[in-house]
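The values are calculated or read from the model by the stated rules, or taken from the named source; none is laboratory data. Here the structure is a predicted model, which is why all the values come from computation and not from measurement. As a convention, Cβ positions derive from the backbone with ideal geometry for all residues, glycine included, and neighbour counts pool all protein chains shown. Heads up: the accessible areas ignore ligands, DNA and RNA and are worked out on the full protein's heavy atoms, side chains in. Shrake-Rupley method; radii C 1.70, N 1.55, O 1.52, S 1.80 Å.
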Amino acid sequence: MSKAKSLYSCSACGATSPKWQGQCPGCGEWNTLVEGVAESRASRFEALAADGAVRQLHEVETAELPRTATGMAELDRVLGGGLVPGGVVLIGGDPGIGKSTLLLQALTRLAQAHKVLYVSGEESPQQIALRAKRLQLESAPVALMAEIGLEKILASLAKETPQVAVIDSIQTLYTETLTSAPGSVAQVRECAAQLTRFAKRTGTTILLVGHVTKEGALAGPRVLEHIVDAVLYFEGDTHSSFRLIRAIKNRFGAVNELGVFAMTDRGLREVSNPSALFLSQHAEPVAGSCVLVTQEGSRPMLVEVQALVDDAHSPQPKRLTVGLEQNRLALLLAVLHRHAGIAAFDQDVFINAVGGVRINEPAADLAVLLAIVSSLKDRPLPEKLVVFGEVGLAGEVRPVQRGQERLKEAAKLGFTHAIVPKANRPRQAIEGMTITAVERLADAVDAAL
Ligand code: TYD
Ligand code: MG
């Protein structure tokens, strides 16, 4: 028998190379290539249709996917309505953010009507039972297994035939077909691939837990993201009690839905109406604060954007954002100077979205700029004001999606004044809300201050 061939894979991005190199050819990181065994078995590439025949799209029989609700509405929202048979979901997040807690809670609810199995490679059955007791969940019929050998887990899955199985975590598993250590790229990828194949073949729903490294990559293999059907990430900072779960990929539903939970002494509690969560309470209006109505998936949310603008003491003024995109800030400051005549080139600018929420949509532009102007001029924005709108390079304020819904949500929470893009002016008046529709950034600044 010939010697097994080696293959070097990058622990950061998962790219492979036949020989060792100092720099990864995929992502350009240094010293990330580690040795693994080249996999030559064709079984890895087993087809999903048995006969490999070509057919017409409209001839393929489909049935509406039956969804299994987990019983936690916020989790179901992110999943697009519930779990799908044969679906594989990766749940990623920092250590200690609450992945095991969430899945234990979801499994005990599912266990009322479905057969479930919790496989833990990190905690002993005693530890899990203790946690269940603390969460006051102990009565549910959840099957437990403490195991890290993939072959044994697959055998148990085949024997127990659960409808939903949790693997906590994928980084602790190892398969005997590879010699590298558990947690290495090759192991994680192979274990996930085999579990996925098992899920597709048997219709078992598998939830994989994955830890995220400090750099934000799923420890080692970003490759998992394309193997699985859905990827959910925990976000929010561990200092606050709120935990946000965002779908960044979902083959069975929409992405960018946000599920909101609060960590309590009795586990994760759902926050079904999070719209006022990301506002801080000021006794009096303060400069540098602007309330934005953002749209997270199907739900509008109010988020306070804070800006601090202060004299810079170095030739390179600081531009820092928390929860918003850093590069966009530099761009917005240039637009502010060019189209509203307000210069900040000698100022440090810090931006923060309150509550650890991350905002990806450009609809935040106008709120960021008004917060900056407010801080720079040290004048508070009017009370009970909400703002949204994208700002273009020509200084125009562009419309955003679902303006009406955003305004209604703000009105519901007692806001009385809104500055919005002209095209987002609602056709019918919204009760209790005065709306200023603007076309240009300069008009918005005038209207606000
Ligand atoms: P855990 O689910 O173990 O995190 P992960 O699996 O993502 O690593 O959560 C651990 C944290 O949650 C721990 O710091 C304590 C906290 N916690 C509570 O605050 N209340 C609870 O009821 C539980 C079970 C955990
Ligand atoms: Mg855990």
Could you identify which residue out of GLN126, GLN326, GLN56 has the top mean-square fluctuation in a GNM of the chain using Cα springs shorter than 10 Å?
GLN56
Could you tell me which residue out of ALA247, MET263, PHE198 lies farthest along the dipole of the stretch 165-300 toward its positive end? Charges go on the beta carbon: Lys and Arg +1, Asp and Glu -1, centred on the Cα centre.
PHE198
Relative contact order for the stretch 64-221: what percent, with Cα pairs under 8 Å and sequence separation of 6 or more?
29 percent
Under 12 Å from a label point 7 Å along Cα→Cβ of ASP378: give me every residue in the stretch 261-292 with its amide N that close.
287
Can you give the extra length, in nm with one decimal, that the chain gains between LYS318 and GLN112 once fully stretched, where that is 0.36 nm per residue apart less the Cα-Cα distance?
68.7 nm
Expected vector for the stretch 75-80, Karplus 3J(HN,Hα) from phi with 6.51, -1.76, 1.60 and θ = phi - 60°, integer Hz, x for Gly and Pro, equals 6, 4, 4, 5, 6, x
Note down the nm distance, to one decimal, between modelled labels 7 Å out along Cα→Cβ at ARG269 and at ASP311.
4.8 nm
Over the chain, the sum of -39500 (n - 2.57) across DSSP H runs of at least four, divided by residue number and rounded to 500 deg cm²/dmol, gives at 222 nm -7000 deg cm²/dmol
Contact order normalised by length for the stretch 263-321, with contacts defined as Cα pairs under 8 Å and 6 or more residues apart; what percent is it?
29 percent
Within the chain: Cβ-based charge dipole about Cα centre, in debye rounded to nearest 20 (Lys, Arg +1; Asp, Glu -1)
720 debye
Distance between modelled label sites at LEU65 and SER280, nm, 7 Å Cα→Cβ extension
4.1 nm
Among the DSSP beta bridges whose two residues both lie in the chain, what percent are antiparallel, rounded to the nearest 5?
50 percent
Rounded to the nearest 10 degrees, what's the angle between the helix 326-340 long axis and the longest principal axis of the chain, both from Cα atoms, 0 to 90?
20 degrees
Cysteines without a disulfide-compatible partner [the chain; Cβ-Cβ under 4.7 Å]
CYS191, CYS290
With springs only between Cα atoms under 10 Å apart, run a GNM on the chain and tell me which of LEU258, LEU376, LEU366 wobbles the most.
LEU376
Suppose accessible area is computed on protein heavy atoms with a 1.4 Å probe; arrange GLU35, GLU160 from highest to lowest.
GLU35, GLU160
Report the extension gain between GLN126 and SER241 in nm, rounded to one decimal, defined as 0.36 nm multiplied by the number of residues separating them, less their alpha carbon distance.
38.8 nm
When only the heavy atoms of the protein chains count and the probe is 1.4 Å, how do HIS226, HIS313 rank by accessible area, highest first?
HIS313, HIS226
Apportionment of accessible area to carbon and sulfur, the stretch 260-413, percent (1.4 Å)
49 percent
Round to the nearest 0.05 the FRET efficiency obtained for ALA73 and GLU431 when R0 = 35 Å and r is the Cβ-Cβ distance.
0.75
Given the whole protein assembly as supplied and a 1.4 Å probe, what does the accessible area of SER298 come to in Å², nearest 10?
60 Å²
Roughly speaking, what is the stretch gain from THR416 to ASP446, that is 0.36 nm per residue apart minus the C-alpha to C-alpha distance, in nm to one decimal?
9.0 nm
Under 10 Å, Cα contacts only: if you run a Gaussian network model on the chain, which one of LEU331, LEU104, LEU75 comes out with the highest mean-square fluctuation?
LEU331
Relative contact order, percent, the chain [alpha-carbon distance under 8 Å, six or more residues apart]:
12 percent
13 Å beta-carbon shell around GLN401, net charge (K/R +1, D/E -1):
0
